[in-house]
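Q: Here's a structure for you.
The values are calculated or read from the model by the stated rules, or taken from the named source; none is laboratory data. None of these values were measured; they are calculated from a predicted model. Note that each Cβ is placed from the backbone with ideal geometry, even for glycine, and that neighbours are counted across all protein chains shown. All accessible areas refer to the heavy atoms of the entire protein, side chains included, with ligands and DNA or RNA removed. Shrake-Rupley method; radii C 1.70, N 1.55, O 1.52, S 1.80 Å.
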Amino acid sequence: MIRAGFAWQAAALVAACAVPPGVASATPAATAQAPVTDAAFAALSQRLFPLFTALGADRGATEALARQPAVATLLAARADRVASCQQEPGCAAQALVWREDEIAALAKALPGSLPAFDDGVAAQARRELQGVNMILGTYGLGEVPPYPAIDGAGTISPAERRAWLQAAHWVAQTPRAGSLNAVDSSFDFALALLDGSNRTDAVAFLPLDGGMNAAAFARARRTNWGAFRYTALIVTGIGPELADMPLSPGGKYHLRLAAQQFARGDAAFIIVSGGRAHPFNTRFAEAVEMRRALIERYGIPPDRIVIDPHARHTTTNMRNAARLLIAMGAPLTQDTLVVCNPVQSANIGSAAFVDRNQRELGYAPGAAGTRLSPTALEWRPAAAAARIDPRDPLDP
């Protein structure tokens with residue numbers, strides 16, 4: 001067992017990071033295997049935990065962190081908690097949950113040179129560690145997610161949940177190139193829970209400036225934004241509740257509204273936003289289906305449509321649309337126009353929606369402006385939308 005010295009330097013130097021600190025290997029042979037690259041885990045790690053992924057790849061940063069006595073003591077205590085579980089996976093998942101004092105201490109100790117968003121390394125580290133907790137709780141310990149009808153692992157028996165936990169526990173102890181186990185084994189345990197639950201939507205359709213968005217991003221690079229009143233129309237999702245239905249009647253209404261508004265010529269692009277949310281575990285990404293309908297039914301050019309295939313809630317519809325505009329180079333001093341049904345539009349323009357953003361995201365991804373009609377609301381995106389928040393692991 002790795003104790004108070006907490007051999008971070010050794011773990012970083014060998015780069016295998018195979019066995020979580022304080023946890024015995026499942027078999028003696030496991031320690032002899034060379035780590036392999038798992039593309040799915042690597043993509044999820046980079047997407048959900050970019051700061052800690054960068055830390056794990058920086059030997060100098062991990063060595064410097066290891067020399068801090070308080071950090072070594074903190075991580076050794078966490079290793080002891082896991083070791084005391086003696087391979088019982090439910091116990092290990094609970095032991096890996098980050099306490100608030102641990103989050104605060106580690107976030108404070110991290111070097112300021114790590115890549116972070118506009119509110120700094122400590123704030124980003126707190127979000128990522130809270131994201132680990134959210135995954136461990138929702139997918140490992142049976143906690144009810146904020147939106148249980150569409151999120152989480154679904155209704156499964158205790159025996160099945162234990163089987164998923166056991167598999168995640170074993171996977172997290174298996175050698176993986178680029179593993180964050182040199183930092184803490186909670187990261188790979190969380191990734192294994194998501195992967196085992198087939199909840200890896202966060203890395204679908206990447207990179208977002210390629211694939212279906214490639215033509216629109218190319219057009220954005222040569223767009224004279226000042227020639228348009230709006231940088232984009234934002235069309236929010238309203239997913240179906242019937243299996244094998246790609247678009248709901250309400251979603252089709254949103255598209256008619258968008259096509260009519262786009263015909264006015266005052267918006268550079270249409271952003272369609274909606275992931276695999278409704279019904280639970282649907283195979284359809286709503287944004288993809290909306291894009292198809294805009295092209296086939298309304299003749300909208302493909303290079304004027306941008307998909308956000310990840311959003312699962314109205315808050316993340318707006319946040320992800322803002323992120324896409326930032327990536328496209330659109331000026332944030334220029335408005336967008338949100339086009340949706342009167343009920344959802346009223347919600348987006350309300351003070352309650354501001355509070356909901358603060359509660360779910362921790363910040364406002366933009367601000368509502370002038371209302372043009374019951375279905376059209378001006379909205380100004382904010383740079384804060386770029387912050388990654390893995391507390392919603394399906395929609396980072």
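Q: Would you mention how many residues in region 341-385 are over 25 Å from Gly226 (Cβ atoms), free of Cβ contacts under 8 Å to residues at least 60 places away in the same chain, over 25 Å from the mean Cα position of the chain (by Cα) and surrounded by 15 or more Cβ atoms within 10 Å (Cβ to Cβ)?
A: 1
Q: Another question, then. Looking only at region 325-359, count every residue that is touching a helix residue (DSSP H, G or I) at 6+ places or on another chain (Cβ under 8 Å), hydrophobic (A, V, I, L, M, F, W, C) and under 23 Å from Ala268 (Cβ atoms) and tell me the total.
A: Residues meeting the conditions: 10.
Q: May I ask you to list the residues in region 231-257 that are under 26 Å from Gly369 (Cβ atoms) and over 27 Å from the mean Cα position of the chain (by Cα)? It would help to see each step written out before you state the result.
A: Going residue by residue through region 231-257, those that are under 26 Å from Gly369 (Cβ atoms) are 231-238, 250-251, 253-257.
Once the filter is applied, which keeps residues that are under 26 Å from Gly369 (Cβ atoms) and over 27 Å from the mean Cα position of the chain (by Cα), region 231-257 yields Tyr253, Arg256, Leu257.
Q: Could you say which residue among Ala123, Ala172, Ala116 is in contact with an Asp or Glu (Cβ under 6 Å, 6 or more places away or on another chain) and surrounded by 15 or more Cβ atoms within 10 Å (Cβ to Cβ)?
A: Details: Ala123 fails: in contact with an Asp or Glu (Cβ under 6 Å, 6 or more places away or on another chain); Ala116 fails: in contact with an Asp or Glu (Cβ under 6 Å, 6 or more places away or on another chain).
Going through Ala123, Ala172, Ala116 in turn, the sole match is Ala172.
Q: For region 21-51, give me each residue that is touching a Phe, Trp or Tyr at 6+ places or on another chain (Cβ under 8 Å) and modelled with pLDDT of 95 or more. Give the steps one after another, and end with the answer.
A: Going residue by residue through region 21-51, those that are touching a Phe, Trp or Tyr at 6+ places or on another chain (Cβ under 8 Å) are 21, 26, 45, 49.
Result: Ser45, Phe49.
Q: Suppose the filter is modelled with pLDDT of 90 or more, farther than 16 Å from Ala39 by Cβ and of a type in the set (D, E, K, R); does Arg161 pass it?
A: Working: modelled with pLDDT of 90 or more: no; farther than 16 Å from Ala39 by Cβ: yes; of a type in the set (D, E, K, R): yes.
Judged against the criteria, Arg161 is not a match.
Q: Among the candidates Arg323, Arg319, single out the residue that is open to solvent by 10 Å² or more (accessible area, probe 1.4 Å) and of a type in the set (Lys, Arg).
A: Values: Arg319 fails: open to solvent by 10 Å² or more (accessible area, probe 1.4 Å).
None of the other options fit; the residue is Arg323.
Q: Kindly establish whether Pro207 is under 25 Å from Ala54 (Cβ atoms), open to solvent by 70 Å² or more (accessible area, probe 1.4 Å), without any contact (Cβ under 8 Å) to a residue 12 or more places away in the chain and part of a loop (DSSP other than H, G, I, E, B). Walk me through how you get there before you give the answer.
A: Numbers: under 25 Å from Ala54 (Cβ atoms): yes; open to solvent by 70 Å² or more (accessible area, probe 1.4 Å): yes; without any contact (Cβ under 8 Å) to a residue 12 or more places away in the chain: yes; part of a loop (DSSP other than H, G, I, E, B): yes.
So Pro207 passes the test.
Results for (1) open to solvent by less than 30 Å² (accessible area, probe 1.4 Å); (2) within 27 Å of Leu206 (Cα to Cα); (3) without any contact (Cβ under 8 Å) to a residue 60 or more places away in the chain; (4) in a loop (DSSP other than H, G, I, E, B), shown as yes or no for each residue.
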{"position": "Leu233", "(1), (2), (3), (4)": "yes, yes, no, no"}
{"position": "Pro240", "(1), (2), (3), (4)": "yes, yes, yes, yes"}
{"position": "Pro246", "(1), (2), (3), (4)": "no, yes, yes, yes"}
{"position": "Gly250", "(1), (2), (3), (4)": "yes, no, no, no"}
{"position": "Tyr253", "(1), (2), (3), (4)": "no, no, no, no"}
{"position": "Arg256", "(1), (2), (3), (4)": "no, no, yes, no"}
{"position": "Ala259", "(1), (2), (3), (4)": "yes, yes, yes, no"}
{"position": "Gly265", "(1), (2), (3), (4)": "no, no, yes, yes"}
{"position": "Val272", "(1), (2), (3), (4)": "yes, yes, yes, no"}
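Q: Can I ask one more? Please find, within region 274-299, the residue that is farthest from the chain's Cα centre (by Cα) out of those that are open to solvent by less than 30 Å² (accessible area, probe 1.4 Å) and of a type in the set (Gly, Ala, Ser).
A: Top of the filtered list is Ala293.
Q: Sticking with this structure for a sec: Just wondering, is there one or more residues in region 187-204 that are open to solvent by 50 Å² or more (accessible area, probe 1.4 Å), more than 27 Å from Asp58 (Cβ to Cβ) and touching a strand residue (DSSP E or B) at 6+ places or on another chain (Cβ under 6 Å)?
A: no
Q: Of (1) in contact with a Phe, Trp or Tyr (Cβ under 7 Å, 6 or more places away or on another chain); (2) open to solvent by 10 Å² or more (accessible area, probe 1.4 Å), Val338 satisfies all except one. Which?
A: Single failed check for Val338: (2).
Q: Here's another thing I want to ask about it. Is there any pair linking a residue in region 55-75 that is over 14 Å from Leu180 (Cβ atoms) and in contact (Cβ under 8 Å) with a residue 12 or more places away in the chain to one that is among the aromatic types (Phe, Trp, Tyr) and buried (at least 19 other Cβ atoms within 10 Å of the Cβ), with Cβ under 7 Å and at least six apart or on different chains, and which?
A: Taking only residues 6 or more apart or on different chains, the pairs are Glu63/Trp8; Ala66/Phe6; Ala66/Trp8; Ala72/Phe6.
Q: While we're on this one: Please go through region 300-314 and pick out each residue that is within 19 Å of Val338 (Cβ to Cβ) and either in a helix (DSSP H, G or I) or within 18 Å of the chain's Cα centre (by Cα) (or both). Break it down stepwise before answering.
A: The initial filter retains those residues of region 300-314 that are within 19 Å of Val338 (Cβ to Cβ), namely 300, 304-314.
Once the filter is applied, which keeps residues that are within 19 Å of Val338 (Cβ to Cβ) and either in a helix (DSSP H, G or I) or within 18 Å of the chain's Cα centre (by Cα) (or both), region 300-314 yields Arg304, Ile307, Asp308, Pro309, His310, Ala311, Arg312, His313, Thr314.
Q: So, one more: Mind checking which residues of region 144-169 are surrounded by 14 or more Cβ atoms within 10 Å (Cβ to Cβ), among the aliphatic types (A, V, I, L, M) and not in a loop (DSSP other than H, G, I, E, B)?
A: Passing the criteria: Ala163, Leu165, Ala167, Ala168.
Q: Which residues, counting only those in region 65-98, are of a type in the set (A, V, I, L, M) and either surrounded by fewer than 17 Cβ atoms within 10 Å (Cβ to Cβ) or in a loop (DSSP other than H, G, I, E, B) (or both)? Please lay out each step first, then the result.
A: If we filter region 65-98 for residues that are of a type in the set (A, V, I, L, M), which is where we start, we get 65-66, 70-72, 74-77, 79, 82-83, 92-93, 95-97.
Matches in region 65-98: Ala70, Ala77, Leu96, Val97.
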